[in-house]
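*Asks:* I am attaching a structure below and will ask some questions about it afterwards.
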Amino acid sequence: MREQWRTCAAIAGNSLRLERRAGEALLVVAPFGAVALLLIPMAVGTDVPLLRRLGPGMYWTVLLLFGVLVILRQSSLQSPAQARLLALAGVPGAIAMLGNAVATAVLLVAFGAVLAPVVIMLYDPGMQGWPWFLTVLPGVAIGLALLGVVADSLVRWLDARSTLGPLLIVPLAIPLLLGATQSWQAAAFGASPLPWLLLIVTVDLILFLAVLLAGHLLDVVT
Amino acid sequence: MIDFAGVGVHVHRTPVLRALDLTLESGEVTGIIGANGSGKTTLLQLAATLHRPVAGAARVLGADLSSAVPAHLRRSICLVGHEAALYPHLTLRENLRFVAAVLGQTQQSADTALDTVGLGRAADRRVRQCSQGMVRRADLARALIAPPKLLLLDEPHAGLDSSAGDLVDFLVDEVRSRGGAAVIVSHDRARLDLVVDRVLELVDGQLVPVRSLR
Amino acid sequence: MKPRFDLLPPLAMAVAAVGVALAFIAPPDRVQGNLQKLMYVHVPAAWIAYLAFVLTLIGSIGWLWRREPRWDRLAAAAAEVGVFFTGLAIALGAIWGKPVWGVWWTWDARLVTTALLFFVYLGYLALRRVTEDRSDRARRSAVFGVVAFIQVPVVHFSVIWWRTLHQPPTVLRPGDPTIDHTMLAVLLVNLVGFTLLGAWMLRQRFRLLAQLEDLEDALAARDLELAGHSIETPKLEGRRSDV
Amino acid sequence: MRYRMVAIPAIGAVLVLAGYLVFGNLNQNLVYFLTPTEAVAQKSSEQAGERFRLGGQVEEGSVVRTGAETRFTLTDNKAAVPVRFEGVPPQLFAAGIGAVVEGAWRGDSFYADTMFVKHEEEYQPPGETSGANDKAAP
């Protein structure tokens with residue numbers, strides 16, 4: 001078991017190293033998301049109180065929709081030859097998926113951390129309950145990353161993967177999106193965001209189980 | 001090591017191999033030749049437990065291919081395809097160390113393997129900055145990290161200079177001396193006949209013996 | 001197979017026809033008037049949709065467990081029926097919502113989850129469509145069928161907590177239903193009728209899928225030429241330009 | 001499977017969390033609107049023009065329709081807030097019904113542009129005054 005976790009860590013480290021070299025997630029997707037945050041007020045009007053209210057919601061929507069680009073980059077990074085290498089190394093599907101999920105979660109947290117100051121600067125949202133954000137962001141990132149590896153292995157080697165992946169991910173990511181936005185709103189209305197945080201944790205655990213139990217089914221190489 | 005009897009394999013619903021028989025004993029090295037599209041690569045992938053046969057009985061290292069193959073058996077198979085399993089953005093050393101990590105070997109073993117194939121001084125170059133021959137050598141070095149029981153080489157001679165061609169012979173002898181077996185697909189009959197015990201030709205999805213050039 | 005009298009289609013049509021006729025006779029609602037009669041179709045449509053998605057889950061689990069193609073066919077046919085009836089329920093709900101709520105659409109829990117179900121299973125059908133190999137398709141869609149369904153209750157509850165405006169359950173709740181008993185009877189007749197219609201559709205799709213697979217097998221058996229046979233030696237005679 | 005030692009505690013945790021989320025008494029805390037009492041109390045501290053949702057009962061006899069505007073009072077039986085709603089109210093909108101409006105304070109009135117009506121779960125033929133529940137009760 002311990003050896004498997006070490007393999008998992010090796011895959012995550014390799015994935016992150018690849019990202020550092022290619023720089024796709026943070027150097028391309030993050031500015032793209034920031035541009036979207038800049039565009040929305042031009043489309044809906046520059047009404048300051050309205051934007052203040054929209055801010056947190058926009059932040060999480062952009063994180064979800066553009067995060068899909070970060071999530072699905074795994075399948076473009078790995079060639080069939082590399083997938084065969086992992087299969088012949090006897091790496092169980094679940095371990096490979098968890099390794100990739102760890103790397104994606106780290107990237108999503110970084111993506112969120114880059115976007116947060118942009119939203120604060122452009123939208124000036126209420127900052128009540130910001131300490132909760134520090135736990136909500138990793139929770140959402142882990143959930144999206146796990147959902148992402150499941151969807152990614154479902155569409156792997158399919159021609160339509162770049163469009164089908166987001167269609168599979170986004171509707172199922174709704175609990176995460178609601179948990180994130182509502183915990184912010186709960187704090188703004190003086191209620192406790194704890195139930196929403198628990199919702200995010202529950203979703204994370206369910207997806208973790210899905211990866212663990214379905215990993216060997218999705219581990220197709222040829 | 002390999003025991004195929006009447007095996008049929010489909011790839012993307014197209015039949016590629018049909019009623020194929022092959023037995024490979026421990027210490028045996030077999031060369032495979034065949035026309036383009038005759039199914040040589042599919043045969044190697046089948047031997048690497050990556051296909052499920054649609055007909056016949058197929059066993060590799062004692063495991064039946066019609067059900068899941070245990071991970072520890074897969075680990076003792078090394079497949080070097082004609083497409084290198086290396087990440088273009090990483091250096092040769094990083095690639096080999098990653099392979100060592102997933103195989104449960106030390107980082108030292110990766111560095112030694114690179115030295116053996118003559119890439120010790122180029123180890124910190126990224127794969128995309130390397131020539132085709134260097135990439136080939138690095139891909140072959142994977143087989144040196146943890147010596148496999150079953151070595152499967154797809155066109156190992158393509159793109160290699162003669163000194164690196166000796167490397168293929170060295171790898172095969174290494175595996176043979178440890179009681180392993182190897183299957184080599186190559187169009188380079190001259191080099192192939194130097195290392196193998198027999199040559200088979202893949203015709204009509206089946207294997208037929210070929211007279212040795214020696 | 002001997003052709004034998006099939007009871008399901010005439011029975012389904014008869015019960016559904018009686019149900020629709022009763023809906024015209026049933027008394028109008030005190031507040032909503034005749035508009036409320038859309039309920040007699042809207043509620044059964046939603047009910048069949050949810051039932052169909054449960055069948056997709058059962059089919060997916062069945063395939064993972066037994067690896068028999070009929071389970072995969074059940075999952076696929078049920079997902080198609082479910083997507084159709086979800087779409088119908090949403091459309092009817094919108095037509096009903098415009099006069100009653102004043103909007104075609106409202107951000108209410110039941111509506112949002114139903115619409116999301118629609119998209120989740122549309123994704124399921126898209127995944128099936130783009131996967132070529134049959135057993136590969138069965139495996140991928142079975143995994144998605146299970147993961148999607150586990151997520152559905154989570155989505156359902158999270159959206160309920162988000163905003164609560166849709167009416168609470170009328171019939172399926174503890175105690176006496178808060179609906180007039182004549183109306184309830186008419187609704188039940190319609191539920192039975194539409195369930196039979198849904199079962200008929202499901203069976204037709206199931207059989208069609210089986211026939212498609214047979215056809216596919218027949219085509220594959222006819223063209224059993226090996227892949228390598230289609231490659232010939234380069235034809236170079238008469239093409240050399242040695243002048 | 002060797003994953004059992006990880007999977008079983010995770011399944012347990014999911015069940016506990018799901019049970020707490022579904023049956024725990026959270027649902028009341030999760031709908032965010034201010035009651036009239038809370039809205040009046042917060043009014044002084046709010047920035048002008050801050051939008052929020054206000055929910056309560058439409059007071060009997062308070063509904064006045066003037067052109068595109070509907071005026072009424074939302075109450076929670078402790079405090080009452082005069083509301084001016086711009087737009088077409090839903091057909092079910094009437095005195096005595098529960099409603100949630102979205103808008104902002106302007107002076108002493110609440111100016112709203114979005115309204116949700118709490119729909120009742122009872123379907124009755126016309127003419128009957130009591131619910132089926134009462135009729136069926138022994």
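*Asks:* Could you give log10 I(q)/I(0) at q = 0.06 Å⁻¹ for the protein assembly as shown, computed by the Debye formula over C-alpha point scatterers of equal weight, without solvent?
*Replies:* Evaluating at q = 0.06 Å⁻¹ gives log10 I(q)/I(0) of -0.52.
*Asks:* Probe 1.4 Å, all protein chains in place: accessible area of A:R52 in Å², nearest 10?
*Replies:* Accessible area, nearest 10 Å²: 60 Å².
*Asks:* With all protein chains present and a 1.4 Å probe, how do B:H82, B:H89, B:H10 order by accessible area, largest first?
*Replies:* Numbers: B:H82 110, B:H89 40, B:H10 75 Å².
Reading off the accessible areas and sorting them downward yields B:H82, B:H10, B:H89.
*Asks:* Still on this structure: At a 1.4 Å probe radius, which order do A:L212, C:L8 fall into by accessible area, largest first?
*Replies:* On the way: A:L212 0, C:L8 35 Å².
Descending accessible area places them as C:L8, A:L212.
*Asks:* How far apart, in nanometres, would the label points at C:V103 and B:S177 be if each is projected 7 angstrom from Cα along the Cα-to-Cβ direction?
*Replies:* Between C:V103 and B:S177, the simple spin-label model gives 7.9 nm.
*Asks:* Let me ask something additional. Which value, in square angstrom to the nearest 100, describes the accessible area buried between chains A and D on both sides, using a 1.4 angstrom probe? Please report the intermediate quantities before stating the final value.
*Replies:* Working: alone 11570 and 10080 Å², together 19420 Å².
Using a 1.4 Å probe, the pair buries roughly 2200 Å².
*Asks:* Moving on. For C:L125 and A:L65, what does the FRET efficiency come to when R0 = 25 Å and r is the distance between their Cβ atoms, rounded to the nearest 0.05? Can you show the working numbers first?
*Replies:* On the way: r = 22 Å, r/R0 = 0.89.
After rounding, the FRET efficiency stands at 0.65.
*Asks:* Counting only DSSP beta bridges with both residues in chain B, what percent are antiparallel, rounded to the nearest 5?
*Replies:* Values: 20 of 38 bridges.
Around 55 percent antiparallel, to the nearest 5.
*Asks:* How many angstrom lie between the Cα centre of the stretch B:193-213 and the Cα centre of the stretch A:143-219?
*Replies:* Here the answer is 53 Å between Cα centres.
*Asks:* Report the label-to-label distance for C:L219 and C:H181 in nanometres (one decimal), using points 7 Å from each Cα along the Cα→Cβ vector.
*Replies:* Modelled inter-label distance: 5.9 nm.
*Asks:* Follow-up question, since we're still on this one. Counting only protein heavy atoms, what percent of the accessible surface of the protein assembly as shown is carbon or sulfur at a 1.4 Å probe?
*Replies:* Answer for the protein assembly as shown: carbon and sulfur cover 61 percent of the accessible area.
*Asks:* Within the stretch C:82-109, which residues have the backbone N less than 20 Å from the label spot 7 Å out from C:V54 along Cα→beta-carbon, could you tell me?
*Replies:* Counting backbone N atoms under 20 Å from the label point, the list is C:82-90.
*Asks:* Something else about it: Out of every Cα-Cα pair in the stretch B:1-103, what percent are more than 25 Å apart? Working shown, then result.
*Replies:* Numbers: 1484 of 5253 pairs.
Of all Cα-Cα distances in the stretch B:1-103, 28 percent exceed 25 Å.
*Asks:* With a 1.4 Å probe and every protein chain left in place, work out the accessible area per residue of the protein assembly as shown in Å², rounded to a whole number. Walk me through the numbers on the way to the answer.
*Replies:* Numbers: 37330 Å² over 817 residues.
Here the per-residue accessible area is 46 Å².
*Asks:* Given the protein chains as shown and a 1.4 Å probe, how many square angstrom of D:D108 are accessible, to the nearest 10?
*Replies:* Near enough 120 Å² of accessible area.
*Asks:* Cut-off 13 Å, label point 7 angstrom out along Cα-to-Cβ of B:A19: give me the residues of the stretch B:33-67 whose amide nitrogen falls inside.
*Replies:* Only B:56 fall inside the zone, counting backbone N under 13 Å.
*Asks:* What is the mean number of Cβ atoms from other protein chains located within 10 Å of the Cβ atom of each residue in peptide C:144-151, rounded to a whole number?
*Replies:* On the way: counts 8, 0, 4, 13, 3, 0, 7, 10.
The mean count of partner-chain Cβ atoms within 10 Å per residue comes to 6.
*Asks:* Nearest 100 Å² is fine: what is the total accessible surface buried where chains A and B meet, probe 1.4 Å? It would help to have the intermediate numbers written out before the result.
*Replies:* Numbers: alone 11570 and 10480 Å², together 19700 Å².
Heavy-atom accessible area buried at this interface is about 2400 Å².
*Asks:* How large, in Å, is chain A by the Kirkwood hydrodynamic radius built from its alpha-carbon pairs? Can you show the working numbers first?
*Replies:* Numbers: mean 1/r = 0.0553 Å⁻¹.
About 18.1 Å for chain A.
*Asks:* Please list D:D76, B:D193 from largest to smallest accessible area, probe radius 1.4 Å, with all protein chains kept in place.
*Replies:* Working: D:D76 40, B:D193 5 Å².
From most exposed to least exposed: D:D76, B:D193.
*Asks:* Quick check: the angle from helix C:109-130's long axis to the longest principal axis of chain C, C-alpha only, nearest 10 degrees?
*Replies:* Here the helix axis deviates by roughly 20 degrees.
*Asks:* Give the Cα extents of the stretch D:31-117 along the principal axes, in whole Å, largest first.
*Replies:* The principal-axis extents, from largest down, are 34, 25, 23 Å.
*Asks:* Using only protein heavy atoms and a 1.4 Å probe, report how much of C:I61 is accessible, in Å² to the nearest 10.
*Replies:* Here the residue's solvent-accessible area equals roughly 80 Å².
*Asks:* To continue, here is another question. Å³ per residue of the Cα convex hull, for the stretch C:38-153? Intermediate results must be reported in sequence, preceding the final value.
*Replies:* Values: hull volume 9.8 nm³, N = 116.
Roughly 84 Å³ of hull volume per residue.
*Asks:* Would you mind giving the mean number of other chain beta-carbons within 10 Å of the Cβ of each residue in A:90-103, as a whole number?
*Replies:* Values: counts 12, 5, 4, 0, 4, 3, 1, 0, 0, 1, 0, 0, 0, 0.
If you average over the peptide's residues, the count of other-chain Cβ atoms is 2.
*Asks:* Within 10 Å of each Cβ of A:204-215, how many other protein chain Cβ atoms are there on average? Could you put the intermediate results ahead of the total?
*Replies:* Numbers: counts 2, 9, 10, 4, 5, 9, 5, 2, 6, 8, 7, 2.
Going residue by residue through A:204-215 and averaging, the value is 6.
*Asks:* Mind ranking D:13-23, A:82-92 by how tightly packed they are, going by the mean number of other C-beta atoms within 10 angstrom, highest first?
*Replies:* Working: D:13-23: 14.5, A:82-92: 22.5.
The packing order, highest mean first, is A:82-92, D:13-23.
*Asks:* Excluding ligands, DNA and RNA, what is the accessible area buried between chains D and C, summed over both sides, using a 1.4 Å probe, to the nearest 100 Å²? Mind dumping the intermediate values first?
*Replies:* Working: alone 10080 and 15700 Å², together 23050 Å².
Approximately 2700 Å² gets buried when D meets C.
*Asks:* Can you list the residues in the stretch A:1-33 whose accessible area drops by at least 50 Å² when all protein chains are present, compared with the chain alone? Use a 1.4 Å probe, heavy atoms only.
*Replies:* A:M1, A:N14, A:L18, A:R21
*Asks:* Something else about it: Which distance in nm do the two modelled labels at B:E201 and D:V22 give, with both placed 7 Å along the Cα-to-Cβ direction?
*Replies:* In this crude spin-label approximation the distance works out to 6.8 nm.
*Asks:* Helix B:107-116 sits at what angle to the longest principal axis of chain B, using alpha carbons and giving 0 to 90 degrees rounded to 10?
*Replies:* Roughly 80 degrees between the two axes.
The values are calculated or read from the model by the stated rules, or taken from the named source; none is laboratory data. If you're wondering where the values come from, they're calculated on a predicted model, not measured in any experiment. Methodologically, a virtual Cβ is constructed for each residue, glycine included, from the backbone with ideal geometry; neighbour enumeration extends over all protein chains shown. Please note that ligands, DNA and RNA were not included when accessible areas were found on the heavy atoms of the full protein model with its side chains. Shrake-Rupley method; radii C 1.70, N 1.55, O 1.52, S 1.80 Å.
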